[in-house]
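Written below as structure tokens is the structure these notes are about.
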Amino acid sequence: MRQTTLSLALGVVFTTSAYAETLPEFVGDTIVVTPTRVAERVHTVVGDITVITADELASAGQASLLELLQAQPGLEITQEGGTGANASLRIRGGNSGHTLVLIDGLRVGSATVGTTPLESIALDQIERIEILRGPASSLYGADAVAGVIQVFTRQGRGAPRMSASLGAGGHGLLQGQVNYGGQAGATRFSLGAGYSRTDGGFSSARPGTYGYQPDLDGDEKRSVNLNAEHAINDHHRVGLAGMMNRDTVEYDAGTADDFARNDVNSLSAWWKGRLSDRWTSQVRIGLGQNHTENFSLGASTGRFDTDQVQYLWQNDFVSSAGTLTASIERNEQEVDASTAFTRTRRTVNAGQLGYLGQWGAHTLQASLRNDDYSDFGGHTTGMAGYAYALSATWRASGSYGTSFKAPTFNDMYWPVTPGYQGNPDLQPERGRNLELALRYQDRRDRLGVTAYRNRVEDLIVYVFPTMENVDRATLEGITLDGGTEWMGVRVQASLDWQQPTNDATGRVLTYRARRHGTLDVSKSFDRWELGATLVASGSRYTNAANTQSLPGYARLDARVHYRIDPAWRVLLRVNNVLDADYQLVAGYNTPGVNGLLALQYQPK
């Protein structure tokens, strides 16, 4: 029904695909939109942001989106096994549901569990990623308590051409992707498809863990993406974007034939017009989907499908005093599941105002937003930030922002079952964040330090026999990150000190390391590029009482690129070079040493 509704809507109106749509100002690696919803230079934003560009994606060598994100400042992951296994991502010590994930501006997460399965999104269909650390509910609404991860799919530029890669590795690893895109006249387009599979090489669970089976738990991913934009004239553009991911992953649940199928899809269409020299307007309609089904011995054991139809009308007004953004949004959420939820639909209507102004050394940013839910009512959030350029290279900033996380359908509408039932009277979790930052940036070197304190109240936790708003937590810490180049050697590093605690008990929240960091070193010479990435983490408690913990770990990954000619190159990647034996979730394995050898074709 949702697909039919969307198809009819696309026939009526073309609308915008993203808060960062495919317009000329978005080209390049110095412009970001996620921190403000308008285009601005990455080194002048008030927010704490990391940009992963297309070139960095191509040279990074990570096997999955999760591995790539784990190597970024302020981010931690947990995963119950290898590639494709159930995973969680945390920013600055927040819960997994405190991170909002967008694909081309669309929500694609589950309304039942409140998270997005990043482990199911194919890396080879991604062109760019923006990571905003800190609250952003006043920009994007619910769930942006600890941060936002925005993924942008491939776009076409230049003369139409094909790119492709094919690779193989240990444990039955096979992967390939092909893309054709470019610009023909007034139309830019990109069409791509990808495939990967592995037998995993090990059992997800360890002996003694519930469901353990001594078999190999593999993963198979299929993905396609389409991105097209047509310039009607100098002032008006229309476009269409879509991404489909199907991930089939084996796991341990008591038999030798347990697996899950996870679909993460987005489809949107847009129009953007310059109505005057000072007024730009955009309209969007889109569908975000997360469909999940579990199987055992060939029979379905549970299905949970989320569809979100999303509408946006955004207007940007530019004057000598700055840029004012005004938008209205609507999100129609629907759950279709094998479980008989007491309610399966809700709507969210939102209005947002944003301001960004720059005068000489001063930058001021502010935003205000109200989200009105059809079930629990309205919630208003805001943010104010200020930055001052101390010199051409040094910049200080500070901000204060509020946020909220909406209760999920599991929290509110799960039917009465032995030991559990939903609570329709739940209210949102609420966050209040204060942060200060100092940054240095020149043509070669960059260094930043950010201190933050985020108080989250009304945390939703299980109190027999239902969920209640009872807990409070404080997420505080310091992130140090930087990069330089010396004698042709490029170095990027980050180090996080954090203390995410339960205010009632004073204990550290589970699966958060009080110290974790990353280091990436690379060098190019002649036809070669060598690189290595180190991800390290301290110990993490596995229970709320802080009586059980996992030891710290360090994982080293290495990569070699050899350029045969301007279009062809070979990639050799070896992950976990030292074969470290570590766990991200108690009782579950992680991959040992593994590798990939790939041939890549990408003409310039």
- Scan of region 559-571 for residues that are under 27 Å from the mean Cα position of the chain (by Cα) and surrounded by fewer than 17 Cβ atoms within 10 Å (Cβ to Cβ), ordered by number: Val560
- Extreme residue, nearest to Tyr180 (Cα to Cα), among residues of region 191-216 that are among the charged types (D, E, K, R) and free of Cβ contacts under 8 Å to residues at least 40 places away in the same chain: Arg197
- Item | Among (1) over 24 Å from the mean Cα position of the chain (by Cα); (2) in contact (Cβ under 8 Å) with a residue 40 or more places away in the chain - the single one Leu390 does not satisfy | (2)
- Scan of region 166-180 for residues that are surrounded by fewer than 21 Cβ atoms within 10 Å (Cβ to Cβ) and outside any strand (DSSP E or B), ordered by number: Gly170, His171, Gly172
- Residues in region 151-164: is at least one among the basic types (Lys, Arg) and not in a strand (DSSP E or B)? yes
- Over region 357-378, the set of residues open to solvent by 30 Å² or more (accessible area, probe 1.4 Å) and assigned to a strand (DSSP E or B) is Gln358, Trp359, His362, Leu364, Ala366, Leu368, Asn370, Asp372, Gly378
- Any pair with Cβ under 8 angstrom, 6 or more apart, that starts in region 577-589 at a residue that is over 16 Å from Leu534 (Cα atoms) and hydrophobic (A, V, I, L, M, F, W, C) and ends at one that is at pLDDT below 95 and not in a loop (DSSP other than H, G, I, E, B): none
- Pick from region 296-316 the residues that are in contact with a Lys or Arg (Cβ under 7 Å, 6 or more places away or on another chain) and hydrophobic (A, V, I, L, M, F, W, C): which of them is surrounded by the most Cβ atoms within 10 Å (Cβ to Cβ)? Leu312
- Item | Any pair with Cβ under 9 angstrom, 6 or more apart, that starts in region 316-343 at a residue that is closer than 22 Å to Leu368 by Cβ and ends at one that is open to solvent by 30 Å² or more (accessible area, probe 1.4 Å) and among the acidic types (Asp, Glu) | Val318/Asp277
- Query: Scanning for something closer than 30 Å to Trp270 by Cβ, of a type in the set (Gly, Ala, Ser) and either open to solvent by 10 Å² or more (accessible area, probe 1.4 Å) or out of contact with any Asp or Glu (no Cβ under 9 Å at 6 or more places or on another chain) (or both), does region 81-99 turn up at least one residue?
  - Reply: yes
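Would you confirm, using the coordinates I've provided, whether Ser137 is open to solvent by 10 Å² or more (accessible area, probe 1.4 Å) and either at pLDDT 95 or above or not small (Gly, Ala, Ser) (or both)?
No, not satisfied.
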- Select from region 386-427 the residues that are loosely packed, with under 14 Cβ neighbours inside 10 Å and among the hydrophobic types (A, V, I, L, M, F, W, C) and write down the one among them that is farthest from Asp48 (Cα to Cα). Val416
- Query: Would you pick out the residues in region 38-52 that are open to solvent by 20 Å² or more (accessible area, probe 1.4 Å) and under 14 Å from the mean Cα position of the chain (by Cα)?
  - Reply: Ile49, Thr50, Val51
- Query: How do the pairs read when you match residues in region 514-525 that are within 19 Å of Leu69 (Cβ to Cβ) and without any contact (Cβ under 8 Å) to a residue 40 or more places away in the chain with residues anywhere that are open to solvent by less than 30 Å² (accessible area, probe 1.4 Å) and not in a strand (DSSP E or B), using Cβ under 7 Å and keeping only pairs 6 or more apart or on different chains?
  - Reply: Arg515/Gly538
- Residue in region 481-494 that is modelled with pLDDT of 95 or more, open to solvent by 40 Å² or more (accessible area, probe 1.4 Å) and within 21 Å of Leu434 (Cβ to Cβ) present: no
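Considering only region 182-211, state which residues are in contact with a Lys or Arg (Cβ under 7 Å, 6 or more places away or on another chain) and closer than 15 Å to Glu250 by Cα.
Within region 182-211, just Ser196 meets the criteria.
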- Query: Can you name the number of the only condition in (1) open to solvent by less than 20 Å² (accessible area, probe 1.4 Å); (2) in contact with a Lys or Arg (Cβ under 8 Å, 6 or more places away or on another chain); (3) within 30 Å of Val570 (Cα to Cα) that Arg157 fails?
  - Reply: (1)
- Considering only residues that are closer than 26 Å to Gly378 by Cβ and in a loop (DSSP other than H, G, I, E, B), look in region 317-349 and name the one that is least open to solvent (accessible area, probe 1.4 Å). Phe341
- How many residues does region 500-538 hold that are open to solvent by 60 Å² or more (accessible area, probe 1.4 Å) and either among the hydroxyl-bearing types (Ser, Thr, Tyr) or closer than 30 Å to Asp565 by Cβ (or both)? 7
- Unique match (being over 18 Å from the mean Cα position of the chain (by Cα) and buried (at least 19 other Cβ atoms within 10 Å of the Cβ)) among Asp252, Asp247, Asp234: Asp252
- Could you say which residue among Pro415, Pro407 is over 28 Å from the mean Cα position of the chain (by Cα) and not in a strand (DSSP E or B)? Pro415
- Within region 263-279, is there a residue that is open to solvent by less than 20 Å² (accessible area, probe 1.4 Å), within 26 Å of the chain's Cα centre (by Cα) and of a type in the set (Phe, Trp, Tyr)? yes
- Taking region 211-223 and keeping only residues that are surrounded by fewer than 17 Cβ atoms within 10 Å (Cβ to Cβ) and either in contact with a helix residue (DSSP H, G or I) (Cβ under 8 Å, 6 or more places away or on another chain) or within 16 Å of Ala122 (Cβ to Cβ) (or both), one is left with Arg222
- Among the strands (runs of 3 or more DSSP E) confined wholly to region 57-130, which include 3 or more residues that are within 26 Å of Gly201 (Cα to Cα)? 75-79, 87-91
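The values are calculated or read from the model by the stated rules, or taken from the named source; none is laboratory data. These numbers were taken from a predicted model, which means no experiment stands behind them. Cβ coordinates were reconstructed from backbone atoms using ideal geometry, including for glycine residues, and neighbour counts include every protein chain displayed. All accessible areas refer to the heavy atoms of the entire protein, side chains included, with ligands and DNA or RNA removed. Shrake-Rupley method; radii C 1.70, N 1.55, O 1.52, S 1.80 Å.
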